[in-house]
Structures are given as structure tokens and as C-alpha cells.
Amino acid sequence: MDVSAIIMAAGEGTRMKSNHAKVSHKILGKPMICWVVDAAHAAGCDRIVVVIGSHADEVRALLDSAYAGSDVTIECVEQTERLGTAHAVRVALDATGIAAGPVVVLNGDLPLISPNTIRSFAQTVATGEQAAAVLTMTPTNPFGYGRIELDADGSVARIVEQKDCTPEQDANLLECNAGCYAFDGAQLAAHISEVTCDNAQSEYYLPDMIEILKSAGQSVSIFHCDDYREGLGVNSRAQLAELTAIARDRINARLMAEGVTFIDPAQAWIGPDATIGRDTIVWPQTHLIGHCSVGEECQLGPNTRLTDTRVGNGCVVDETVAIEAVLENNVDCGPRAYLRPGTHMLDGSKAGTHVEIKKSTIGEGSKVPHLSYIGDTTMGAGVNIGAGSITCNYDGKNKHATTIGDRTFIGSDTMMVAPVNIGSDAITGAGGTITKDVPDGALAIERTQQRIVEGYTERKRARL
Ligand code: UD1
Ligand code: CA
């Protein structure tokens, strides 16, 4: 079954009071539009068309960077004038030539819709017997949603927007349009131009297609979504927060079912593209953003934020910020470690307290325990970096590399002025500024002689 998806993301999003496109706002670190695109893709939609308009460049750039190198292809269609949802679909049909097969139309502000719902929903029009189906729900608060009005025979008659409702309709029609539709492409293309803008908002409403198709003698059905939370839309910051909490609970519940412990599941924000292995313990204030994977038997947090980071098994990641880093197995980080892009911590290595590491490999069992900066460095196995040691990798213009061999001991407060190579089994004396290469097995000491001034304190006190 070749299913096309049209995702409408051109609206102004006025109620967000934002300088950015509504669909660019993130839920658990992922832009709203990507939740919808991913759901459509996972549901098996072969063709994904996104209608952009307001902040078009921002949304196009966001989609480009989110899906570069992935197997998801997106066609962006620009709706230069925003005349309503039916107009958005019409622009998409005109630009793409879609005029047959099942077409799923999704609001771009519908982030929690599941692939399963879209899939079973698309099936309803696949046989050609039905011209359209609308996903409906009964939210606890129906405010703002289009309401389903039924015919005497119990089938859907029309959808009435809240702003066009009579007070009776507003009070009594509690079944709402979720903003997810399946159409037979031929019927959609044949009738979309019949939608008018004779309503409270003077907009072309896509939900009007239901009544239009019915009066054309077509069969149209409603598809009730038992879990209304899947169908909630985001129009305001309050709804953004509400959906973030729902998404968080849903993800954490799944992870707990898979064997992950949460000290407090309400205080951990795990993104939809993260995986966590069994017996890992997630402490409060842990955030996993983007494509993170965490193995088994780890401890995450408290106060840890990982972005696009891979963590192996048996790691302790306490009060750590890591971005595009890789931690192999049994790595120990924090409290207060900052691992920047390109950090690769090999098995059993450690990045301790107030330690910053960038674009460096920390070898097996090597330790950077306290107050250090390591950048552009390749470090062997079994190295110990003394407290306060720093790789001076930047000369004000260029970045330079440092290499450190195996089993080397860097004394506390060593400044390694790059480019510099320190061999294996070497030692640097505490407080040294190392500007020349250190051969294997050597001691490098760079320090002025200590002077002793006897009786100094007594004489100084006598002067005061
Ligand atoms: C819409 C539905 C409503 C439904 C609700 C579900 C209409 C007229 N109403 O209302 O029945 O209950 O969604 O959440 O469709 N958009 C465009 N171009 C436009 C206008 C809108 O692309 O010209 C996009 C928006 O970016 C948004 C989506 O369409 O992603 C829905 O628009 P929005 O204004 O949020 O509609 P609602 O008032 O929420
Ligand atoms: Ca909406």
C-alpha cells in the first residue's frame, strides 16, 4: 500500500507568542514537526510532504538538518498565503500531483500521534470503499477543537469548529477532531476545491471535506482514538508543557516496563530516540536529548544531561553534561564533568570532578580525576592525569594536538603546551610546563629550585 502523508505546518502559531515557527518548538528535545514526520514514516507512509509557510526557512532548515543522511525523504511545499487547512492541502496536492491512493493528512502540531494509529487509520481508505476517515477523541477539555456532529444514523455528519459552534453545540458535542485524516486521494483531489471560507475565521477548513464528501454520496467514517492524549494538539505554551509531561510519562513507563529503574519518573526527561538498558538507574534531573543510547547497569544522574551520546554498560554518569560523546563500558564520570563533542572514553576510564574533555580519546583505565582540561588529545591506557593539569591546545589562532603514551603519570598542575608528545611510562613533575616532547620512560621536570627563607614569618610579624 503506497500511502502519502501531508503534514500541515505552515500556520502562524499565533497563540504560542513566539518568534519561531510553532512546529519548531521542542518536546523532550525534539522539534514537534519531527515527532509527526517520524510517526508518519514509522507508520509506513512512503511519501512525506510537509506544507511550510510561516517561518518557512526555519522549518526547512530544521527538517534538512534533522533528516540529513537518514532514510526519510521530505518534500517541502510552500503555502505562501495561509488561508486555512483546506488551502494548505490544496497547495500540497497542486505541487505534488498526488491524486490517488491513501493520503493521510496530519496537523503539524499533533506530536503524540502513534504510528499504529496512523497505520490502522490509513487502512480504512485503502480499499477504496471509504472516501475519508477522521480521527476523533474525547479530551478532558474540548476547548478549541472542532466538534463531531453526528447524523441521525450515528455516522458523522460534519465537523463544526469551536468558533462556529452554537452554545448548545459547544456544550454537547464532546467528541473532537484530532486533526488527523485519511482520504482516498482521488476523492480528495476531486473535491478539495469545493471548500469555502464562509465561517467565523474566513478560512478554508479541511474538516469541511467531511460534509462535502458525504453530500457527494461518499462514505466517511470516524475513527475513535481511545487514548485521547494521542490526539492532543499544541497551540499554546501551556499545551506544550502538558504534552511534554505526557510524552515524558509515556516514555518512562515504557522504559520501566523494559527494566529501567527511575528514582522519580516525573523528574527525568528521556527523549523519544533514546534507549536505556536494563538495571540502569535513572536519578532525578536526568535529560537524554537526541540519539542517545545507554547500556545496562548504569547510573545516570542526578543532574545529568546527555545529547547524542552513547554510553556502554556499567557506567556511572553523575552530574555530567555530555554532547556527542562516546563512553565505552565501566566508565566513571562526574560529579561535574563536561564531555564535549569528540570525547571518547575507553573501558574503565574516568573523567572526574570539574573536568572538561573535548575531541580526545581517554585510553583504557586512564583517569582524569580532578580539575583538568583535556582537548585534542590521544591518551593511551593506564594514564593518570594529576589534579589541575591542562592541555594548552590553543595558541590563539590554531588548535594543536597532544599525545600521551601508556601508563604515563602526569604530575598535578602540568601544563602540556601542544603540539607535544609525551611517551609511555613517562612522568612529569608537578607544576611543570611541558613544551618539548618527553621520551618513553623519562621524567620531565620543569620547575625553578625551591628557596627557603628561615625565620621569615617572625620577622614579618615584627614589622607589622
Ligand atoms: C484544527 C482543526 C480542528 C481540530 C484541531 C485539532 C481546522 C480548521 N480545524 O484546529 O477541527 O480539532 O486542528 O488539533 O483544520 N496550517 C497550515 N496552513 C494554514 C493553516 C494551518 O499549514 O493555512 C497548519 C498549522 O500549522 C497547524 C495545522 O495546520 O499545524 C492546524 O492548524 P491550527 O491553526 O493549529 O488549527 P486548530 O485551530 O488547532
Ligand atoms: Ca492546532
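The values are calculated or read from the model by the stated rules, or taken from the named source; none is laboratory data. None of these values were measured; they are calculated from a predicted model. Positions of Cβ are generated from backbone atoms using ideal geometry, with glycine treated the same way; all protein chains shown enter the neighbour counts. The accessibility values were calculated without ligands, DNA or RNA, using every heavy atom of the protein model including side chains. Shrake-Rupley method; radii C 1.70, N 1.55, O 1.52, S 1.80 Å.
Observations
- Matching residues, region 284-300, being without any contact (Cβ under 8 Å) to a residue 24 or more places away in the chain, open to solvent by 10 Å² or more (accessible area, probe 1.4 Å) and over 18 Å from the mean Cα position of the chain (by Cα): P284, E296, E297, Q299
- Test: R158 is within 14 Å of ligand 1 (Cβ to nearest atom), touching a residue at least 12 places away in the same chain (Cβ under 8 Å) and in contact with a Cys (Cβ under 7 Å, 6 or more places away or on another chain): no
- Within region 342-353, the set of residues being open to solvent by less than 10 Å² (accessible area, probe 1.4 Å) and either more than 20 Å from R407 (Cβ to Cβ) or without any contact (Cβ under 8 Å) to a residue 12 or more places away in the chain (or both) comprises just one member, T343.
- Criterion (outside any loop (DSSP other than H, G, I, E, B) and in contact (Cβ under 8 Å) with a residue 12 or more places away in the chain) met by exactly one of E356, E364: E356
- Count of residues meeting criterion [open to solvent by 40 Å² or more (accessible area, probe 1.4 Å) and either of a type in the set (G, A, S) or under 34 Å from the mean Cα position of the chain (by Cα) (or both)] in region 398-422: 5
- Among residues of region 73-108 being in a loop (DSSP other than H, G, I, E, B) and open to solvent by less than 20 Å² (accessible area, probe 1.4 Å), the one that is farthest from ligand 2 (Cβ to nearest atom) is I98.
- Counting only helices (runs of 4 or more DSSP H) that fall entirely inside region 162-220 and contain at least 3 residues that are within 38 Å of the chain's Cα centre (by Cα), the qualifying elements are 185-191, 208-215.
- If the condition is being of a type outside the set (A, V, I, L, M), in a loop (DSSP other than H, G, I, E, B) and more than 12 Å from ligand 2 (Cβ to nearest atom), then region 9-42 contributes K17, S18, N19, H20, H25, G29.
- Scanning region 43-63 for residues that are charged (D, E, K, R), part of a helix (DSSP H, G or I) and either outside the structural domain of C76 (by TED's automatic domain parsing) or touching a residue at least 24 places away in the same chain (Cβ under 8 Å) (or both) yields a total of 1.
- So I445, is it open to solvent by 50 Å² or more (accessible area, probe 1.4 Å), touching a residue at least 12 places away in the same chain (Cβ under 8 Å) and over 25 Å from V326 (Cα atoms): yes
- Within region 170-186, the residues that satisfy the criterion of being more than 10 Å from ligand 1 (Cβ to nearest atom) and open to solvent by less than 40 Å² (accessible area, probe 1.4 Å) are L173, A182, F183, D184, G185.
- Restricting region 119-139 to residues that are within 16 Å of ligand 1 (Cβ to nearest atom) and at pLDDT 95 or above leaves a set whose member that is most open to solvent (accessible area, probe 1.4 Å) is T138.
- So V321, is it assigned to a loop (DSSP other than H, G, I, E, B) and hydrophobic (A, V, I, L, M, F, W, C): no
- Residue among D376, D437, D395 that is surrounded by fewer than 21 Cβ atoms within 10 Å (Cβ to Cβ) and touching a Lys or Arg at 6+ places or on another chain (Cβ under 9 Å): D376
- Annotation: of all residues in region 151-164 being in contact with a strand residue (DSSP E or B) (Cβ under 6 Å, 6 or more places away or on another chain) and more than 23 Å from Q123 (Cβ to Cβ), the one that is nearest to ligand 2 (Cβ to nearest atom) is V160.
- Applying the set (1) crowded, with 24+ Cβ neighbours inside 10 Å; (2) more than 9 Å from ligand 1 (Cβ to nearest atom) to L28 leaves exactly one unmet item: (1).
- Conditions (1) of a type outside the set (F, W, Y); (2) part of a strand (DSSP E or B); (3) touching a Ser or Thr at 6+ places or on another chain (Cβ under 7 Å): number failed by A351: (3)
- Pick from region 228-278, criterion outside any helix (DSSP H, G or I) and among the charged types (D, E, K, R), ranking: nearest to ligand 2 (Cβ to nearest atom): D273
- Residue match in region 203-220 (condition: closer than 19 Å to L135 by Cα, among the aromatic types (F, W, Y), within 15 Å of ligand 1 (Cβ to nearest atom) and open to solvent by less than 30 Å² (accessible area, probe 1.4 Å)): yes
- Any hit, region 240-248, residues being exposed (fewer than 14 other Cβ atoms within 10 Å of the Cβ) and touching a Pro at 6+ places or on another chain (Cβ under 7 Å): no
- Any hit, region 119-128, residues being outside any helix (DSSP H, G or I) and within 16 Å of ligand 2 (Cβ to nearest atom): no
- Out of T280, T307, T286, sole residue that is assigned by TED's automatic domain parsing to the domain that holds D332 and within 18 Å of A66 (Cβ to Cβ): T307
- Region 189-204 residues that are small (G, A, S), paired with ones that are within 16 Å of ligand 2 (Cβ to nearest atom) and part of a loop (DSSP other than H, G, I, E, B) (beta carbon under 8 Å, 6 or more apart): A200/E161
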